[in-house]
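Notes follow once the structure below has been shown.
The values are calculated or read from the model by the stated rules, or taken from the named source; none is laboratory data. As the structure is a computational prediction, the values presented were derived from the model and not from experiment. Cβ: placed from backbone, ideal geometry, glycine included. Neighbour counts: every protein chain shown. What goes into the accessible areas is simple: the full protein's heavy atoms, side chains included, and nothing from ligands, DNA or RNA. Shrake-Rupley method; radii C 1.70, N 1.55, O 1.52, S 1.80 Å.
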Amino acid sequence: MNLRAPSAVLLALTLLVGAENETTVAPLGTYKSAERRHWAFQPRKDAAPPAFPDAEGKRWVRTPVDAFLLARLRKDGLKPAPEADRVTLIRRLTYDLHGLPPSIEEINAFVNDKSAKAYENLVDRLLASHRYGEQWARHWLDVVRFAESDGYEYDTHRPDGYRYRDYVIESFNADKPYNTFLKEQLAGDEMVSSGKDPYDDTLLVASGFNRLGPLRKNAGNQEVASSRTEVLTEMTNIVGASMLGVTLGCARCHDHKFDPIRQSDYYRMQGYFAQTQIHDIVVATAEEQAAWKAKAQPIEQEMRRLRFALRRAKEEDKGQIEADLEALDGKMPLPMSAMCAVKDEPKQTTEIHLLTRGDYRFKGPKVGMRPLGILLPEGTPEMPLTTEKPRVKLAEFIVEPGNPLTSRVFVNRVWQYHFGRGLVSTPNDFGRMGTAPSHPELLDFLANQFIAGGWKMKPLHRMILLSSAYRQASRSPIVKLAKEKDPQNALLWKFNRRRLEAEELRDSMLAISGRLNTKTGGPSIMVPIAEDLVKDLKRPQYWQPTRDKSEHDRRTIYMIYKRNLILPFQQVFDAPDTLLSCARRDQSTHAPQALELLNGKLSNELAEHFAKRIIEARPTADARIDYAFQLAAGRAPTVRERTLAKHYLSGSDTDAVAWKELALSLFNLNAFLYVN
């Protein structure tokens, strides 16, 4: 019996029907009133902060944020926790805004500052530092699944991906308006001036946002239509997840099962990218270009010959030809230094069709381009794919102040990174399967203030950070009652304690040991790794540790982010998979974390330097123990901690190994690993 016949018949019928449908235009989606009533698609409300007549309420409300939170707490019979002490506050703020521990001098200066604006001045100082951009860029890079390699089997290196990373850091430090930030990334190449403006290069680098997704490559025949479909899919899906907070990708194969996003909506959004093509702008010198061509041209010529032969080869010969192609591909030099951008090619505009099950072979009716229909008046027409500067038009729709999603989604992300949980706890999904906001009026108030303030991020930070809610202790006197009524602490009756993330841990150990290299920007670094990890790479010859060893001690954000190689230290502490948008990092607790901190090469090497720093800085064991705890935990040791440390060191005051082991134990101390 021929089991393949039915599928072959089905394929033939599908292609036949598809051929008839390809010339028709997909109808516009229609939406029920109930679908339009979902809270996230409704216009924002002008919510006024609640007023409190009592002295206690007036005293606690420092910013409008507090008023909304306190009203809800009182409604549920709860009250906020007391204010945290100053040591806790400076450590919390410095990690939150910089991802690094405060120095002993900074802690002492803040604790002893008697001015009424001591806390406010601390917030402003931290926001003004370049380290703020390094920490907060990392959050955005998580969301847009930034990496410096293609992923999939070949995981080809993208040596100039760092330019986009630096663009994001600089944008946060400059407090670039968020609407401008989004427009530059979606359509920077379309915004380039006709003359030679110095900012044009920045716009082109920003447009590399559209190329951040994983890219499937092979050395043999590439299926052009399939590859193009995957590229367009990546460009489309990330807009929904990162900017609009909707699971747009769920409508690629069929109408969304839960949200009012039709399949035609998905492909009309994809239409904005129909003209978009990869554009590498070489910045290498003439000599570098000549040297690269001398190496690459003979290899490329032979690869072209083999690809031509592959198309005509017998089936039994194809395997060897493909192996030869792969071997040649491995000999290709790394790409020349370039800006990874995109550009519009109207003559190469891709026809956009509804695809049955998302399969490029099964084309249905064609579409133009149009934003999500649920956010438009019924019957709003689509635009032709040949429209000039299509991504500028998409960006303008996304950052339109009346768009109910964009500002809500971003202020919710900021809230999440400050408090550990968003007002909407599903930051990439504001749809029906996501959670409703815990404080809808507060969410709308923050979004309205954000837009009214020119889409600036730092004033939003200040409003949150200066609040009494942010200054709460992580312990509450009403913990038993509060956990019964609000076990997730969604109402913020205390501050959420958190463990340091992978990058914060590595950077903190470097800082505490005195090894941190604070150099900013530039090409990403590669550090030495275990030989077996290198051998697992498809192209192991491309993993070349940076020659200047001092570069290995730079902040983790400047290390290369390779999709098929998450370094063990980062992986064990929940660094994200860069294939997909990471809305919120998981926080797991398991034995390999302790093993990595106790036995890992990095932690042991830095513990040696930490011990050396302690010994050189203080003359006596007591003073050294105090100094070590102040560096690692931001405070003096407790009586019990001091007793245990002295007992361990008894008779070994000058033993470097003993001090190294003590330093290593401090890397494993909860007071170091967690922020209260």
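A few points about this structure:
- Hits in region 350-370 - residues which are surrounded by fewer than 21 Cβ atoms within 10 Å (Cβ to Cβ), on the phi < 0 side of the Ramachandran plot and under 30 Å from the mean Cα position of the chain (by Cα): 350, 359, 360
- Flag if residue 492 is of a type in the set (A, V, I, L, M), at positive phi and either open to solvent by less than 20 Å² (accessible area, probe 1.4 Å) or in contact with a Gly (Cβ under 6 Å, 6 or more places away or on another chain) (or both): yes
- Test: residue in region 390-397 that is free of Cβ contacts under 8 Å to residues at least 60 places away in the same chain, within 26 Å of residue 271 (Cα to Cα) and open to solvent by 50 Å² or more (accessible area, probe 1.4 Å): no
- Residue in region 552-562 that is aliphatic (A, V, I, L, M), part of a loop (DSSP other than H, G, I, E, B) and crowded, with 19+ Cβ neighbours inside 10 Å present: yes
- Residue within region 35-44 that is touching a helix residue (DSSP H, G or I) at 6+ places or on another chain (Cβ under 7 Å), open to solvent by less than 50 Å² (accessible area, probe 1.4 Å), assigned to a loop (DSSP other than H, G, I, E, B) and not assigned by TED's automatic domain parsing to the domain that holds residue 467 present: no
- Checked against (1) of a type in the set (A, V, I, L, M, F, W, C); (2) open to solvent by 10 Å² or more (accessible area, probe 1.4 Å); (3) closer than 28 Å to residue 81 by Cα, residue 446 passes all but condition (2).
- Test result for residue 454, surrounded by fewer than 17 Cβ atoms within 10 Å (Cβ to Cβ), at pLDDT 95 or above and under 29 Å from residue 189 (Cα atoms): yes
- Evaluating residue 266 against the criteria (1) more than 21 Å from residue 376 (Cβ to Cβ); (2) in a helix (DSSP H, G or I) leaves one unmet condition, (1).
- Being modelled with pLDDT under 95, more than 25 Å from residue 352 (Cα to Cα) and surrounded by fewer than 18 Cβ atoms within 10 Å (Cβ to Cβ) holds for only one residue in 19, 5, and it is 5.
- A single entry from 624, 618, 613 fulfils the requirement of being modelled with pLDDT of 95 or more and farther than 30 Å from residue 142 by Cβ: 613.
- Residue count, region 306-344 (criterion: touching a residue at least 40 places away in the same chain (Cβ under 8 Å), more than 25 Å from residue 249 (Cα to Cα) and open to solvent by less than 50 Å² (accessible area, probe 1.4 Å)): 11
- Look at region 485-501: where a residue is of a type in the set (Gly, Ala, Ser) and a partner is at pLDDT 95 or above, sitting 6+ places away or on another chain with Cβ atoms under 7 Å, you get 490/421; 490/438.
- Among the residues here, residue 638 qualifies as assigned by TED's automatic domain parsing to the domain that holds residue 510, within 16 Å of residue 670 (Cβ to Cβ), among the hydroxyl-bearing types (Ser, Thr, Tyr) and open to solvent by 40 Å² or more (accessible area, probe 1.4 Å).
- Single residue of 189, 175 found to be in contact with a helix residue (DSSP H, G or I) (Cβ under 8 Å, 6 or more places away or on another chain), open to solvent by less than 40 Å² (accessible area, probe 1.4 Å) and within 28 Å of residue 264 (Cα to Cα): 189
- Tally of residues being in a loop (DSSP other than H, G, I, E, B) and within 23 Å of residue 523 (Cβ to Cβ) across region 285-341: 7
- From 649, 598, 606, 565, residue being surrounded by 14 or more Cβ atoms within 10 Å (Cβ to Cβ), modelled with pLDDT of 90 or more and more than 21 Å from residue 91 (Cβ to Cβ): 598
- Complete set of residues in region 495-525 that are open to solvent by 10 Å² or more (accessible area, probe 1.4 Å) and assigned to a helix (DSSP H, G or I): 506, 511
- Residue match in region 145-154 (condition: closer than 23 Å to residue 526 by Cβ, out of contact with any Gly (no Cβ under 8 Å at 6 or more places or on another chain), acidic (Asp, Glu) and surrounded by fewer than 21 Cβ atoms within 10 Å (Cβ to Cβ)): yes
- Apart from one condition, residue 246 fits all of (1) more than 24 Å from residue 414 (Cα to Cα); (2) touching a residue at least 60 places away in the same chain (Cβ under 8 Å); (3) not in a helix (DSSP H, G or I); the exception is (1).
- Here is the figure for region 242-288: residues that are β-branched (Val, Ile, Thr), closer than 21 Å to residue 26 by Cβ and open to solvent by 10 Å² or more (accessible area, probe 1.4 Å) total 1.
- Test: residue in region 550-558 that is among the polar types (S, T, N, Q) and farther than 30 Å from residue 624 by Cα: no
- Residue 660 meets each of the listed conditions (1) surrounded by 13 or more Cβ atoms within 10 Å (Cβ to Cβ); (2) out of contact with any Asp or Glu (no Cβ under 7 Å at 6 or more places or on another chain) apart from (2).
- Restricting attention to region 192-208 and to residues that are of a type in the set (Ser, Thr, Tyr) and open to solvent by 30 Å² or more (accessible area, probe 1.4 Å), the residue that is farthest from residue 398 (Cα to Cα) turns out to be 194.
- Criterion (part of a loop (DSSP other than H, G, I, E, B) and modelled with pLDDT of 95 or more) met by exactly one of 436, 447: 436
- Count of residues meeting criterion [of a type in the set (A, V, I, L, M), surrounded by fewer than 20 Cβ atoms within 10 Å (Cβ to Cβ) and part of a loop (DSSP other than H, G, I, E, B)] in region 469-486: 2
- Enumeration of residues in region 61-76 that are under 23 Å from residue 120 (Cβ atoms) and open to solvent by 40 Å² or more (accessible area, probe 1.4 Å): 61, 62, 64
- Any hit, region 410-424, residues being touching a residue at least 60 places away in the same chain (Cβ under 8 Å), open to solvent by less than 40 Å² (accessible area, probe 1.4 Å) and over 30 Å from residue 47 (Cα atoms): no
- Complete set of residues in region 149-178 that are of a type in the set (S, T, N, Q) and more than 18 Å from the chain's Cα centre (by Cα): 156
- Figure legend. Inter-residue proximity from region 529-551: first residues at pLDDT below 85, second residues small (Gly, Ala, Ser) and exposed (fewer than 14 other Cβ atoms within 10 Å of the Cβ), beta-carbon distance below 7 Å, spacing 6+ or different chains. No pairs are indicated.
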